[in-house]
Amino acid sequence: MSQDQEEQEDELLALASIYDEEEFRRAESAQGGEIQICLELPQDFKIVVKGDKQTEHDVSFLPPLVLNFELPPDYPSTSPPEYTLSSKWLSRAQLSALCRRLDELWQESQGSVVLFSWIQFLKEDVLGFLCITSPLEIAGPAKALPERKRNKADVKPGGAPAPVPAPGGAPAAGHGGTEPPLDPRAVAEVDPRANVLPQLLDFDEAQRQKVFDGKVFCCGICFSEKLGSGCLLFQDCRHVYCRACLGEYFQIQIRDGNVQCLNCPQPKCTSVATPAQVKLLVGEELFARYDRLLLQSSLDLMADVVYCPRQMCCTAVMVEPDTTMGICSSCQYAFCTLCKRGYHGLSHCRATADELRSLRDEYVSASDETKKFLEQRFGKRVIQKAVEESFSREWLDQNCKGCPRCGTNIQKVDGCNKMTCTSCNQYFCWLCLSLLTRVNPYSHFNNSSSPCYNQLFQGVDVEDDDEIFWSDEDD
């Protein structure tokens, strides 16, 4: 084996021992590999998205720079490594500047292995070399110009296309400008038309979770020390609990319907678990119940949301301010939002007999504000009628019975239990309210199989010395 091959092998083995598999992967078929380099960001590093509405975000990690390399046979004695340098957030102009710096480092150490020096530079010095400080400005998604304007603005006289700005705002070089030409080894993995912010935030969140998973925490409930991979962190308050304790707590709350109480167990702490955290701890079935109840409770708290009163529908309906009409978007039912019956325009809501009874009790014990609302809803006359009729109905319920044929209230003062309705002249039994035949109404009391057998005068005071007779022919 030649001296170059020995040095190459030693360098690759050293890299494999220093970096884990996620950072360094050696190529299987050639002397080369891929190195992912995460920059060391200062504390409180921020990124800002330029656009109509400027937003600022705290990040601890940015997507890595990726160095793909292959070692030629005469490396390191004569030739440098062949490589490409790519990034999801740096522009080609910035990456080209880094490529030139890597070439300079090779020139400074020609004849010696250089990969570790490259990695150290990319890991520790990139921000300073490119003059990147917090907040880092990220360009928002580019807006396409209308076809007619693009033809006029982007085409030079003679039909040659004008230079297009590189991602990140750096001008493209090689078209008569003063900027150095773009290096073909520089690969910007960012589409200038796409919004790169979600990718940056997702990567930052994943890396933070990875760091959290590797640390040891003391559960605030069972006080056991566990790895972060078995714990859950509340984002707002930063309190940590093991998943076993918190999962059991959440399951009990969801089964009891307390979906608004899935907050940090620390006393007086108001941090709330995210839906993703709840789903992780309780499973699909309970999470479906949690999701349904949470939506229901959220809609219930909204003053401008009511539900379609049709039992087979119950769709949430948005109501316009200062109106009592709701129109269901599902079944097209127009209803009054106060009484939940068909919409009745400016007329007052109608109350049933049962509602009038409860309306009286509510009105008598209500505050002045509630009384005013009830009078506006049902009308003042209806309220007065409810109070009067409810007392009358209570007396009727205690002293009268309704005719089984027409429902007229009948009061029994004296006499036998064979009654005649004053409204429809129907014969009926006062005891069981059965309809009696007009031909022989007393057969109901003479028949041994009747529930009122021999009870014609049941409940009637009769003198002991009086003898009372009746005939089946009597009317």
* Using θ = phi - 60° and the Karplus curve 6.51 cos²θ - 1.76 cosθ + 1.60, what whole-Hz ³J(HN,Hα) does each residue of segment 60-75 get, with Gly and Pro shown as x? -> 10, 9, 10, x, x, 7, 10, 10, 9, 9, 9, 9, x, x, 9, 8
* Structure fact -> Between the modelled labels at S229 and E284 (7 Å from Cα along Cα→Cβ) the distance in nm is 2.5 nm
* To do: Give me the number: length gained by fully extending D10 to S29, i.e. 0.36 nm times residue separation minus the C-alpha to C-alpha distance, one decimal in nm.
  => 5.1 nm
* Full-stretch length increase - D103, L433 - with 0.36 nm per residue and alpha-carbon distance subtracted -> 108.0 nm
* To do: Any of K46/K123; K268/K371; K46/K279 with alpha carbons more than 28 Å apart? Name them for me.
  => K268/K371; K46/K279
* To do: Report the net charge of residues surrounding G342, where surrounding means a beta-carbon distance below 15 angstrom and charges are Lys +1, Arg +1, Asp -1, Glu -1.
  => +4
* Asked: What FRET efficiency comes out for the pair Q411/K372, r = Cβ-Cβ distance, R0 = 41 Å, nearest 0.05?
  -> 0.60
* Excluding ligands, DNA and RNA, what is the solvent-accessible area per residue of segment 58-97 at a probe of 1.4 Å, expressed in Å²? -> 33 Å²
* Structure fact -> Contour minus Cα-Cα span, Q384 to S365, at 0.36 nm per residue, comes to 5.4 nm
* Asked: Once amide H atoms are built 1.01 Å from N in the peptide plane, which residues 5 or more positions from I410, or in another chain, come under 5 Å H to H?
  -> K401, G402, C403
* Structure fact -> Once phi for every residue in segment 112-124 is put through the Karplus expression 6.51 cos²θ - 1.76 cosθ + 1.60 (θ = phi - 60°), the whole-Hz ³J(HN,Hα) values, with Gly and Pro written as x, are 10, 5, 10, 4, 5, 5, 4, 4, 4, 5, 5, 7, 10
* **Whole-Hz couplings from phi, Karplus 6.51/-1.76/1.60, listed for segment 205-220; x for Gly and Pro** => 5, 5, 5, 4, 5, 4, 5, 4, 4, x, 8, 9, 10, 9, 5, x
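Net charge within 15 Å of C269 by Cβ-Cβ distance, Lys/Arg positive one each and Asp/Glu negative one each, not counting C269 itself?
The answer is +1.
Could you tell me which of the pairs K372/K412; K88/K215; K340/K412 are separated by over 30 angstrom between their Cα atoms in the structure shown?
Violating the 30 Å limit, Cα to Cα: K372/K412; K340/K412.
The values are calculated or read from the model by the stated rules, or taken from the named source; none is laboratory data. For clarity, every value in this text was computed on a predicted model and none was experimentally measured. Virtual Cβ from ideal backbone geometry, glycine too; neighbours counted across all protein chains shown. Calculation scope for accessible area: heavy atoms of the full protein, side chains included, ligands and nucleic acids excluded. Shrake-Rupley method; radii C 1.70, N 1.55, O 1.52, S 1.80 Å.
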